[in-house]
C-alpha cells in the first residue's frame, strides 16, 4: 500500500495531513502568499486611506510582524507612505491628502 493511501486511510480524507506538498504554489511553482499585498491596500482603503499598523493587521487578520513587513514592502515600492507619530506608525495610501507635504 502506498504511504499516501495508508495515511488517508488512517487519518481520514479531510485531515490536515492530506495537504500535498506544493499546494501553496501557483501554476508556475511560485509561492502564493496567504496575505497578498492587495489585502493591505484594501484594508487601508477601508480605513479611509490611513491607519495604524494594528488597525491594518486586525482588518487583514495576520500577525503584527507580518503586517508590518508587508506594509514596509508597499512603502518601499512607493504604493503607500508612512509617518511616525509618537511610538506608532501611520500608513497612508499614496495620493491621499495627508500624504502630500504642504510645503
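A few notes on this one:
- The residue list 53, 18, 9 contains one member that is surrounded by 12 or more Cβ atoms within 10 Å (Cβ to Cβ) and at pLDDT below 95, which is 18.
- Filter result for the condition that a residue is surrounded by 12 or more Cβ atoms within 10 Å (Cβ to Cβ) and at pLDDT below 95, over 68, 35, 64: 35
- Some residue of region 74-84 being over 18 Å from residue 37 (Cα atoms) and either modelled with pLDDT of 95 or more or loosely packed, with under 11 Cβ neighbours inside 10 Å (or both): yes
- In region 85-103, of all residues being touching a strand residue (DSSP E or B) at 6+ places or on another chain (Cβ under 7 Å) and either at pLDDT below 65 or part of a loop (DSSP other than H, G, I, E, B) (or both), the one that is surrounded by the fewest Cβ atoms within 10 Å (Cβ to Cβ) corresponds to 98.
The values are calculated or read from the model by the stated rules, or taken from the named source; none is laboratory data. Model, not experiment: these values are computed from the prediction. Neighbour counts run over all protein chains shown; Cβ positions are idealised from the backbone, glycine included.
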